[in-house]
Every structure is written in structure tokens, then in C-alpha cells.
Amino acid sequence: MTVAIASVRAAGETNTGLQREVNEDRFHVDAARGLFMVIDGVGGQAAGGKAADTAVQMLRARLERETGPVALRLREAVAVANNEIHRLARLRPEWDGMACVLTAVVVRDGHAFVGHVGDTRLYKLRRGLIEKVTRDHSPVGEREDAHELSERDAMQHPRRNEVYRDVGSEPHEPTDTDFIDVQEISFEPDSALLLCSDGLTDLVDSASINQIARRLAGRPQEVVAALIAAANEAGGKDNVTVVYVEHEQFPVAARTGSAGADDPPPPEEITRRRGTSDGRGTTRQRIVRMANIALLAIVIVLTLVRSDTVAPPPLPIEGAQAASDAGRIVVQATESIAQAIQRARAGTTIVVEPGEYRETLTLKSQVRLVSSVPRAAILRLPGAASERAAAIVAMGVSDAALDGFRIVGDAATPLGTGILAADSELFLSNVEISGAARVALDIGKGSRVRVIAADIADNPGSALTVRAGATALVSHSVFRRNSSTAGAPTTIVVEDQGVAELTSNIFVGGNPSVLTGSSEARAAFGRSNWFIDARPPAGARPTPRGPASSAVRR
């Protein structure tokens, strides 16, 4: 897949290799946002792929929500992915021990911000040289970085594939030391970046990578294809994934030859790093990190004050799932989403084009529904439906996902429930629900539902109900003007034996009393989320409360 926008061109590809039956690698390319990632799953068969898929979903959900400093967003994104993988690993025996390693890059204004865990890699190419930006979190990689082993010796070492850091094997917080490497580097107009899994670097040395990239500069897809071919020609012992990003002047610079005696690269450009890649840093850097964390709260609040709604930017659908999907169905505005679901098989992604769809949807296991333009696919109940009906139903499904839909009820097309789940495992991201007379999200017995970056607003009924025997994990979502009907339930209803983990959500015009339960439960809820006035007095600065990390259990 090749993407070109403005001054950056990028491509990404993954290949199973010659000696593996399953591809556990994933990648994502989004040049419009300057977001690139490579993930290598660990755990074998379904487990490694599941971990990598989960990491892609979690990273995108947080990084595409552009609130807070980029470095802090990277830390939060990787931590969220880590904890979700760890949670899922406990659900099924075949997922036990699953994890992944990853490298994610956000390009902004001539700089690249890097988040990294494990032995995937980021290289920078400039002035004829190739520089390894990330450090391997592995015993052999550590010795190679310390120049105790040559690159060739490291590539042939019998312990090459061992890592001492991964994403998913144990819980982590964004601020945990010795977990995520985050750094910032320059990304000049005459440079290029290359992210890859160890399926490439175990078999192709950096000099050869540099030579191939320079020879094919200006043709990103050919660079990617040639590097994968080189790995397979060298034995193809593992999955191999490459993401290549070049700036506008790199092709010309690459053709003019390598840096010579008359134009050496400045040494500080090879060694300079800004950030915390070694987990330590100076006192000044630690102060800056603490300030960034404090500023995140201000950024969230000011964003809400400036605008009546918080909506993530558009969500592209190419790239991240291309390697793992069993198929892809595109639904036009004149077609039926329900019919597409009936045709879909496990692993299918259904991409829904902008438009208004009047139908009830019943989700299917291992099928992902994505609005090609976030919240531009609008779902309403059909005219013959009951006013108490649900727009989307998940009954006994697993690994189902819904991304970017807007579910609407109003006087003309009443809506009872936005999304109803029972005995299901469901992932919801960037979903907007309004006008639900009974409840926006109804999580029934036996269900585990993960919700991230949702906007639950203007629902006469409750925003969320978690039934006995159900679990809801809700984070980075916005709740506004719910439970407006006289006698309507409290905004968040958690029944006895229900579990609701609500973290880092924003409640506009509310306070912890919007949750049912004991004073202790409400106190924990209050520490874990943000609460701001809907209309703060003129000149006043709203003071949010929270967040921390806690679970509400009854």
C-alpha cells in the first residue's frame, strides 16, 4: 500500500515469509496524520496475531485523538495497548502468554516522535548514511548497541530472538520506567525513515537496507517490496514487515551519492536525541515530563470549552488490517449493511461509505464494521421497528468490532437502545450515540465490551447500563446531556455483580453522582474521570477532577 500526501510519501507491506504458516506481523500507514507503525505479535498462531491486531486498534484510537503532547500520547497509547492485550490474554487458554513488540512513529513539523518496545526497529536514512534510531530490548541487541558484537555476529547469534520487554505480558502505566522508549528526532526534507520487524533485520544488514532504499528512492512501494524480497531470498525464516517514509527531497539527495569528505553529516545529527529513550534523562527532562503530564489535563478541558463536541479526526481504513483481514466488503449509501454482514465471513472488514442507513444491524463474530469517514455513516431504526428497539445488537458473538458509526434517534425516527450486547465480546471505538430513549449502551450478562473514544450525548435515557454478570471497560470517551427524561435512570447504571471500569472519560455538566452505587464506588469513579461544568462562568477556568486508574465494582 502506497500513500502520498503533501511532502511525505510512504508505503507499507507485510509478508508471511518462507518458513512460517501464519503472519503475526501488522503495520499501519497514515501519511495524512503522519502516523506509522510496525507490530510483531508474540505467542504463536492466533495469539500473536490477536495481540498485534489489538495493539493496532488501541494505538490508533489514542494517537488519532490529538489531545496532549505527542510524547505523552505515545506513552498512553502503548500503555493502553499493553493493558488491553494483558486483559484479553486471560479470557481464553489459547491466548495465554500473547504479547507483541512494536515501533510507532508520529511525524510532526520536521520531527519524528518515536514510541518503541522490543526489537522492531526504526532507521533514519540521510546523506548516504543509515542510522539505527531505536535500541533493541534484547540481550543480544543490547550487546550490539554497545558495540560488543558486530551487526553480523548479532544477526547470527542463537539468542537473537529473545526480548526482555514486550507489550502485553504484564500490566503497565504510561509513566512506568523501563517500559516504553520515547524519543524525538529531526526529520529533515532530505531524509527517510524505515520501520521494520526482525524478519528483515535478522537476515538483511543495515548497509544492504540503505543501498536498496537509496537505489529505489522516490518509489516507496518498490522499496518495501525489494526489502521483503531480500529477506525472503536470504531464507525468509520469519514474518517480515516494512514501512518506509520519505520526505520530499530524499529521492534527489539519494541520487547525488553518499556524503563525502566535502559534505560530512554533522556528528550531532547522528548522536543527538531528545526525549527519554534510556528511561533516565536529566533533571530538566524529568521536569519537562512532569509538566507535560500536567498540561494534558488543561488541553482536554480547553478543547471542550472551545467546542461543544469532541470528535476525533477522520479514520482511514487502509493499512492496519490489510494483512490480516480475510476479506473486505464496501457498502455504498444505496446498499444494505445488514446484507453485507450476512455475506461476511470471519476476518472480514466491512467498510461503510458516508450516508444514512435505516436498518437494524446484528453483529457477527470476527467481523469488523468501519465507517470510511468517521461518524459519516449514520444509522437509524427502520420505519417498521419498535420505538424500544436497538439499532445494533450483539448476541453471542466474539471479536466483533464497530468503528466510527453515528447512531441517531429523534422524533421522526425514535430509538430505544443504541447498542445492545448479550453474552458477547465487542470492541467499540469512535462511536457516537444520541437520542436513545432507554439507554445508549446496554451491556448484558456474559458480555465484555471495550469502549474507547465514544461520544454519548443527548440521550433521554441512561448513557450506560452494565447488567449483572457483564463487564464494561470505557476510556477516553465523552458523556454530555444524558438522562434528561423525567424519572430516567442515572447516567451510569451498574447492577449488582456488574463491573464497570471507567477511566479517563470526560463528563460535561456532571459529577460522580451520575453513577449508581455506594459512596466508595462513586469516590473511585470520581478519581478516575474528568468532570467539568457545561457552561463555566465568564473568565473562569474550569477545574477538572481526576483522573487516576481504578475499577468500579459492585
Checklist entry - Classify segment 58-128: rounded, prolate or oblate, from the alpha-carbon gyration tensor (a ≥ b ≥ c, eigenvalue square roots; a/c under 1.5 rounded; otherwise prolate if a/b is larger than b/c)? => result oblate
Item to check | Binned Cα-Cα distances of segment 364-507, short to long, each 5 Å bin given as a whole percent | outcome: 2, 11, 20, 25, 24, 13, 4, 0
Checklist entry - What would the Debye formula give as log10 I(q)/I(0) at q = 0.10, 0.14, 0.17, 0.22 Å⁻¹ for the alpha-carbon point model of segment 153-252, no solvent? => result -0.37, -0.69, -0.91, -1.13
Checklist entry - Percent of accessible area on segment 177-217 owned by carbon and sulfur, 1.4 Å probe? => result 43
Checklist entry - In square angstrom, what is the accessible area per residue of segment 120-203 with a 1.4 angstrom probe? => result 39
Next on the checklist: Within 9 Å, Cβ to Cβ, of Ala437, how many net charges do the neighbouring residues add up to if Lys/Arg are +1 and Asp/Glu are -1?
Outcome noted: +1
Checklist entry - Can you give me the relative contact order of segment 352-506 as a percent, contacts being Cα pairs under 8 Å and 6 or more apart? => result 16
Checklist outcome for this item: Output row, site Glu142, 7 Å Cα→C-beta label point, backbone N cut-off 12 Å, window segment 148-187, residues 163-165
Next on the checklist: Modelling each spin label as a point 7 Å along the Cα-to-Cβ direction, I'd like the Leu91/Ser208 distance in nm, to one decimal.
Outcome noted: 4.0
Next on the checklist: Once R0 is set to 41 Å, what does the formula 1/(1 + (r/R0)^6) return for the Cβ-Cβ distance between Asp153 and Gln342, expressed as a FRET efficiency to the nearest 0.05?
Outcome noted: 0.15
Item to check | Farthest positive-ward along segment 10-79 dipole, Cα basis, beta-carbon charges - from Ala79, His28, Ala51 | outcome: Ala79
Item to check | segment 346-460 - charge dipole about Cα centre, Lys and Arg +1 at Cβ, Asp and Glu -1, debye rounded to 20 | outcome: 180
Checklist outcome for this item: For segment 356-405, shape from the Cα gyration tensor axes a ≥ b ≥ c, cut at a/c of 1.5 then a/b versus b/c, turns out oblate
Checklist entry - Taking the alpha-carbon centroid of each part, what is the distance from segment 113-167 to segment 365-394 in angstrom? => result 46
Checklist entry - On the accessible surface of segment 1-99, probed at 1.4 Å, how many percent belong to carbon and sulfur atoms? => result 47
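The values are calculated or read from the model by the stated rules, or taken from the named source; none is laboratory data. Note that this is a predicted model, so its numbers are computed, not measured. We place every Cβ from the backbone using ideal geometry, glycine too, and count neighbours over all the protein chains shown. The area values use the complete protein model at the heavy-atom level, side chains included, leaving out ligands, DNA and RNA. Shrake-Rupley method; radii C 1.70, N 1.55, O 1.52, S 1.80 Å.
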